[in-house]
Structures are given as structure tokens and as C-alpha cells.
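Report on the following structure.
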Amino acid sequence: MMTTASQRDDGLLRVKSATRWLAAAAVAAAAAFSITAAKVVPGKSHAPTSTSVNTPDPNAVNDPNSPYYQDPGLQAPNQPPMRAYNPPRVSSGGS
Amino acid sequence: MTAIAPVQFPALGTTAVLLVTEPAALGAARTVLDEELDGTDRAASRFRDDSELSLLNRSAGEWVAVSARLVELLRVALLAARRTGGLVDPTVGQALRVLGYDRTFAEVAPDGPPVSVTVGAVPGWRTIDLDPALGRARIPPGVSLDLGATAKAACADSAARRAAELTGAGVLVSLGGDLAAAGPAPEGGWSVRLADDHAVSPDTPGPAVAISSGGLATSGTAVRRWARGGLVLHHLLDPGTGRPAAPCWRTVSVAAASCVDANTASTAAILLGSAAPTWLAERGLPARLVAEDGRVRTVAGWPEDGEPGW
């Protein structure tokens, strides 16, 4: 019985040790990933609201220069031009 | 309602025309238009040393405080670039300058000696930093912005909308032949003569259409031309080469929901060349394209040329 209990305790200790090492490794891996990500996609230093091509801001949905901009595109008129039935009062041409 | 005779005067290096459907609204509409023109000129003129844009162009590489109006005009220019895949690019300023368009066009010598310059792709609109929240902008060293076309169109849109809201009348604003309509249109719509040159009298025989709202713009290579060393140049530059667009369309007229969108599309169409009709049709933008040889093509519901309807 003593041998069985000792073997059980030894096993539990090994599981506990392995769990600690796994947790430590996970923390280290997360830290390493964060540092790498920070270098690859650096944050903004000039202002939290500024927009730059080098620092895309996921919140910049109203900034045309942001890749996150939600653009409705060029908008067609409510109706196409019609044939004119009144003499023109204005001209459209190159300028 | 009957559109009264237009008020016409020089502005922004071109011609402004104002029409209203109610004579009593003319004075207030003119005041609004004058305010918008003055604000646009102070903010975005490339030819005024004291404009905000000139200061920004002189301060390349540095953040520069800009007004809410210039923030909006820069935003409009960036949108035009984005929506055309970079064809309508505000960073063509330096390329225009080295090709000889370095002052208001009336002062540009119509002919001159050859220009010895190295031209290439313009820096590109994505090099512009715009910080709307802090009211500032930054461009890289060596970059010069030209907001000419989009700023003019935005001015027309804003003036027409504000004047219509203020007076309740129908208002049409034309700046260099780029039109914005707001408020109730006259019966039959606003009749517009189409020509190579916006300065052509509307009484001149030729095609005409009517619009009731939104914008209509015409871009072309027949005006704002000059020559250097016998080489004919014009102001619509291909951002990919820094040179005037290759000849294909003499003029392109586009109707859209706003003057800015119409102007953006008509400028892009000149640069797109033979691909323009498909590009316009895919976006549902009614357009009339006149080839260099005079042949006319219409897309997306633009009416065929015909006899006058009056």
C-alpha cells in the first residue's frame, strides 16, 4: 500500500510540475508574440486619433486613407439626365 | 417655376454661374456662393501664397494645422483617389508645376521652350497623412498637392445645398462647367448645353440635357492646354507617368448624385481611355463620351443626342 501511495504522490508531483512549466511557457510565448507583433505593426506615437498609411487604425472607418474605411463608392444620380425641353441657361464643358 | 437669367462672374480661375428658381432668392443664394468661393480659395488655392494649401505644400514633412474646410477638401480629394483606384490623385501638383502649369492658367504662357524634366509616377495619395481630430495634415518632402478639380466640385455642391436650404428655392451652381443642383428643380429640369469648353454660350447650337438634382461634370482635354517645345500638354495627368493622359476622349460628361462624384468620374474616364465606358457603366453612372474624332458614345441611360426639344 505504501508503495502504491508513494507512486501516486510522485505522479501528482510530476503532473503539477508539468502544469507549471506549461503555464510559464504559455506566458513566455504570449510575451514573445506581443513583442514581435508590436515591431511588425507599430502603434502610433503622434496622436491616438491621427491616421497614417503606416499605422492603420481599425476605428478609422471615416478616413479615406484607412484600409478600414467603409466606402459607399461613387453614387449614381436619382435619375439619369433627360432630353432637354427648355433652352439651356448654362454650359458644361472642359475648364 | 421658371429659372431666372443666370448670374455669371469669374471665380477660382474659371467662371461661376448661379441660377435660382425664385428671383427673391437670388441675393441670399449669391451671398452663400460668395462665402463658399472665398473659403475654398483661401483654403485650397495652389496659386495663392497665403492659402492654407500653399503653406502645407511649403511645409512638406511637417504636420501643419489646417482648418475644418481644408480637412474636408483633403478628405474629398482622398475619397476621389480611393474611389478611382488612384487615377484622380491630388499629389500631381509638382508634376503640373514642372510641366509649366505653375500659376493660374490665365497667366500660363500658351507656348514656350521645351521643358527638360524627369517625369515619373506621382508620389501617390496614400503618402498624405490627415488627422481630422487634431485638425492637421502632413505630406512628404517633395510632394505638392493640387486639389483643383475636387475642391471646385465640393464648393459647388456645398453652395447649392446651403443656398437651397436657406431659401427653399431650386438652385443650380456651375463652377467651370461642373454643376450642382439642389432644391426643387424648374419644370423640365435644369437644361444644360454640352460643349468642349464650358465658356461656350448656352445659346450655341449643340447637344443639351436636363438634370433635376445631383451633379453633372465634364472633363476634357480641349481646354487648359499649353505647349512646351512644340509638345501640346494639358492639365489631366496620368498619375502613373506624371504626363498628360494619352488622347482618347475629347470630353467626358458624367451625371452623379453630387458634383464631386460626377467630376471624379469624368476625370477618371479621361485617364482610363478606352476602358472608360465599361468602368462608368459598371458603376451605373450615366455618361456621354466624345472621342477625339468626334464620335459620341453614351452609357447607363444617358439620352442619345437629338434635335432640340424646344
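The values are calculated or read from the model by the stated rules, or taken from the named source; none is laboratory data. Just so it is clear, the model here is predicted, and its values are computed rather than measured. For neighbour counting, all protein chains shown are included, and Cβ atoms are generated from backbone atoms with ideal geometry for every residue, glycine included.
The rows are residues; the columns are (1) among the charged types (D, E, K, R); (2) more than 11 Å from the chain's Cα centre (by Cα); (3) assigned to a loop (DSSP other than H, G, I, E, B); (4) farther than 24 Å from residue B:75 by Cα.
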position: B:141; (1), (2), (3), (4): no, yes, yes, no
position: B:156; (1), (2), (3), (4): no, no, no, no
position: B:163; (1), (2), (3), (4): no, yes, no, no
position: B:200; (1), (2), (3), (4): no, yes, yes, yes
position: B:210; (1), (2), (3), (4): no, yes, no, yes
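Within segment B:179-196, the only residue that satisfies the criterion of being of a type outside the set (A, V, I, L, M, F, W, C), under 19 Å from residue B:32 (Cα atoms) and under 22 Å from the mean Cα position of the chain (by Cα) is B:183.
Quick grid of which residues meet (1) crowded, with 24+ Cβ neighbours inside 10 Å; (2) without any contact (Cβ under 8 Å) to a residue 40 or more places away in the chain; (3) at the interface with chain A (Cβ under 7 Å from one of its Cβ atoms); (4) within 18 Å of residue A:94 (Cβ to Cβ):
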position: B:172; (1), (2), (3), (4): yes, no, yes, no
position: B:177; (1), (2), (3), (4): yes, no, yes, yes
position: B:181; (1), (2), (3), (4): yes, yes, no, no
position: B:189; (1), (2), (3), (4): no, yes, yes, no
position: B:194; (1), (2), (3), (4): yes, no, yes, yes
position: B:197; (1), (2), (3), (4): no, yes, yes, yes
position: B:204; (1), (2), (3), (4): no, yes, no, yes
position: B:208; (1), (2), (3), (4): yes, no, yes, yes
position: B:215; (1), (2), (3), (4): yes, no, no, yes
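No other residue among B:73, B:56 is crowded, with 23+ Cβ neighbours inside 10 Å, more than 19 Å from the chain's Cα centre (by Cα) and modelled with pLDDT of 90 or more apart from B:56.
Residues of segment B:13-23 that are in contact (Cβ under 8 Å) with a residue 24 or more places away in the chain and either over 20 Å from the mean Cα position of the chain (by Cα) or surrounded by fewer than 21 Cβ atoms within 10 Å (Cβ to Cβ) (or both): B:13, B:15, B:20, B:21, B:22. When segment A:70-95 is filtered for residues that are facing chain B (nearest Cβ under 7 Å), out of contact with any Ser or Thr (no Cβ under 9 Å at 6 or more places or on another chain) and either among the hydrophobic types (A, V, I, L, M, F, W, C) or in a loop (DSSP other than H, G, I, E, B) (or both), the ones remaining, listed by number, are A:71, A:73, A:76, A:80.
Selection within segment B:245-261: residues that are without any contact (Cβ under 8 Å) to a residue 60 or more places away in the chain and in a loop (DSSP other than H, G, I, E, B). The member of this set that is nearest to the other protein chains (Cβ to nearest Cβ) is B:257.
Within segment B:284-300, the set of residues being crowded, with 18+ Cβ neighbours inside 10 Å and basic (Lys, Arg) comprises B:288 only.
Against the condition within 23 Å of residue B:264 (Cα to Cα), at pLDDT 70 or above and surrounded by 14 or more Cβ atoms within 10 Å (Cβ to Cβ), how does residue A:70 come out, does it pass? Judged against the criteria, residue A:70 is not a match.
Summed over segment B:28-50, residues that are surrounded by fewer than 20 Cβ atoms within 10 Å (Cβ to Cβ) and either modelled with pLDDT under 95 or acidic (Asp, Glu) (or both) total 8. Of all the numbered requirements in (1) surrounded by fewer than 24 Cβ atoms within 10 Å (Cβ to Cβ); (2) at pLDDT below 95; (3) away from chain A (no Cβ under 14 Å); (4) in contact with a helix residue (DSSP H, G or I) (Cβ under 7 Å, 6 or more places away or on another chain), residue B:167 misses one, and that requirement is (2).
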